[in-house]
Amino acid sequence: DVKVTQSSRYLVKRTGEKVFLECVQDMDHENMFWYRQDPGLGLRLIYFSYDVKMKEKGDIPEGYSVSREKKERFSLILESASTNQTSMYLCATMGLDSYEQYFGPGTRLTVT
Amino acid sequence: DQQVKQNSPSLSVQEGRISILNCDYTNSMFDYFLWYKKYPAEGPTFLISISSIKDKNEDGRFTVFLNKSAKHLSLHIVPSQPGDSAVYFCAAGEYNNNDMRFGAGTRLTVKP
């Protein structure tokens with residue numbers, strides 16, 4: 001079974017703090033994704049990576065950056081957290097042989 | 001610009017009856033479509049998919065229908081069970097792109 005884990009289930013940060021969200025997968029998948037889920041908007045893609053050290057912007061990259069130094073790990077960084085980044089953040093992975101994405105349990109981030 | 005739209009935010013059906021969840025898309029280049037199911041406090045899990053070359057795919061109680069001319073797909077659940085109560089996301093993608101577009105989700109409630 002594919003396992004995708006996220007570093008925290010719940011996180012509370014203050015405005016202006018730097019925030020790191022980490023995602024780790026154990027299935028050797030090439031592709032990894034970061035989404036945010038907001039009511040009425042569904043899942044929106046922030047960034048994705050198709051290989052180590054490679055990254056592509058999604059639909060809403062502003063205010064975020066990512067890092068993929070190892071194949072199994074994909075980090076989302078909020079350089080200076082703002083209240084409008086309060087959301088559920090979901091990491092996902094996808095192999096080369098399928099278009100099915102496997103999701104982690106999500107991190108509920110609250111920025112106060 | 002939402003390329004994948006789920007216009008019904010919620011749906012309530014009686015146990016044993018059919019649930020029909022709808023999804024519309026605007027991008028005629030989409031090659032494949034997927035449905036995901038999401039329980040609270042969990043990441044989405046893959047349910048069923050369909051390629052653009054097909055118009056129907058069935059897996060047990062779940063059937064997805066694709067109408068390419070109308071750019072519309074639907075998920076049928078027969079018979080519906082209380083355990084099916086969840087948020088359902090429609091997603092679509094292109095074979096030459098790694099990213100996927102998600103709808104806003106439909107919350108299905110199946111009443112005993």
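A short reminder: the numbers here are calculations on the coordinates, not readings from a lab. Being a predicted model, the structure only gives us computed values, none of them experimental. Cβ placement follows ideal geometry from the backbone for every residue including glycine, while neighbour counts extend to all protein chains displayed.
The Cα-based radius of gyration of the protein assembly as shown, divided by its Kirkwood radius, gives an Rg/Rh of 0.97. Neighbour counts of other Cβ atoms within 10 Å put A:D28, B:D24, A:D97, A:D59 in the fewest-to-most order A:D97, A:D28, A:D59, B:D24. Quick one: pull the percentage of alpha-carbon pairs in chain B with a separation above 21 Å. Across chain B, Cα pairs with separations above 21 Å total 31 percent.
Once divided by 2.2 N^0.38 Å, the Cα radius of gyration of chain A becomes 0.99. Output the pairs from A:K70/B:K38; A:K3/A:K71; B:K5/B:K56 with a Cα-Cα distance over 22 Å in this structure; if there are none, say none. Over 22 Å apart, Cα to Cα: A:K70/B:K38. Qualifying trypsin sites (Lys or Arg not before Pro) in the stretch A:52-94, where qualification requires a DSSP coil assignment and no more than 11 other C-beta atoms within 10 Å, comprise A:K53. Ranked for footprinting exposure by Cβ neighbours inside 10 Å, fewest first, B:R17, A:R14 give A:R14, B:R17. Annotation for the stretch A:38-75: GluC sites (Glu not before Pro) lying in DSSP loop with at most 14 further Cβ atoms inside 10 Å of their Cβ are A:E62.
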